[in-house]
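Notes follow once the structure below has been shown.
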Amino acid sequence: MFNRKTEKILTHCITEHKENVYRLAYSYVKNKDDALDIVQDSIYKAMTHLELLKNPDAVKSWFYRIVVNTALDFLRRNKKVQAMDHEMIETYSSGAEDTYTDIDLKRTLESLPDKYKSVIILRYFEDMKIEEVAAVLDENVNTIKTRLYQAHQLLRIKMNDETTKGDRVR
C-alpha cells in the first residue's frame, strides 16, 4: 500500500494545480461539466492507485498523465456526440457579438491528431518544459521534440490553408 506522506504530496499537488488541471481537461472536451467530471475521475484514479506512483517527486507529471488519459478516454467514448456548454451556445447564437480572436488557431488545433494536440496543449497552454511533457505523456524526450516539430508543421500548413481559403472567399 502507500504511505500517508505520498497521499499528502498528491493532495497538495491537486490543490495547488487545480485550476491548471481543470483547464487541461477543458482544453480537450470544451465543456465545463465534462471537464469537471474528468478532473473528479482523475482524482479518484490517482487516490485509488497511489501505490503505482514510484517516485513521489514526480507526482505532478504522474497526475497530469492521468488527467490527459482520462480526457482522451472520455473523447473516445463520446466521439459521436460533442456537447456544448451554455457559453458556447451563447457564442454561436444570433444575438451574440462575433468574436474572431484566434478562432482559426483553435479550429486548427482541434483538427490535429491527439498525439500532436496533447504536446501543443501541455507545452504552450500549460507552459510545461519538454521534459515535463515527456513525463506526462510517458514518452521519450526526443519523441516529444519530434512531435512538437511535426505539430508546428501541421499547424503552419493548416493555418496557411485557412488563410488561403479566407482570401478566396473575400
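The values are calculated or read from the model by the stated rules, or taken from the named source; none is laboratory data. Here the structure is a predicted model, which is why all the values come from computation and not from measurement. Positions of Cβ are backbone-derived with ideal geometry, glycine not excepted, and every protein chain shown enters the neighbour counts. Protein only, heavy atoms only, side chains kept; ligands, DNA and RNA dropped before computing areas. Shrake-Rupley method; radii C 1.70, N 1.55, O 1.52, S 1.80 Å.
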Check on residue 48, more than 16 Å from the chain's Cα centre (by Cα), within 30 Å of residue 15 (Cα to Cα) and at pLDDT 90 or above: yes
Under 8 Å by Cβ, and 6 or more places apart or on different chains, what pairs join a residue from the range 9-38 that is within 18 Å of residue 59 (Cβ to Cβ) with one that is basic (Lys, Arg)? 13/60; 17/60
Flagged pairs (Cβ under 7 angstrom, 6 or more apart or on separate chains; first in the range 59-81, within 18 Å of residue 119 (Cβ to Cβ); second open to solvent by 20 Å² or more (accessible area, probe 1.4 Å) and among the small types (Gly, Ala, Ser)) are 61/135
Residue count for the range 13-63, restricted to those that are surrounded by fewer than 19 Cβ atoms within 10 Å (Cβ to Cβ) and of a type in the set (S, T, N, Q): 5
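Considering 105, 109, which residue is closer than 17 Å to residue 148 by Cα, at pLDDT below 75, assigned to a helix (DSSP H, G or I) and not hydroxyl-bearing (Ser, Thr, Tyr)?
Sole residue among the options that is closer than 17 Å to residue 148 by Cα, at pLDDT below 75, assigned to a helix (DSSP H, G or I) and not hydroxyl-bearing (Ser, Thr, Tyr): 105.
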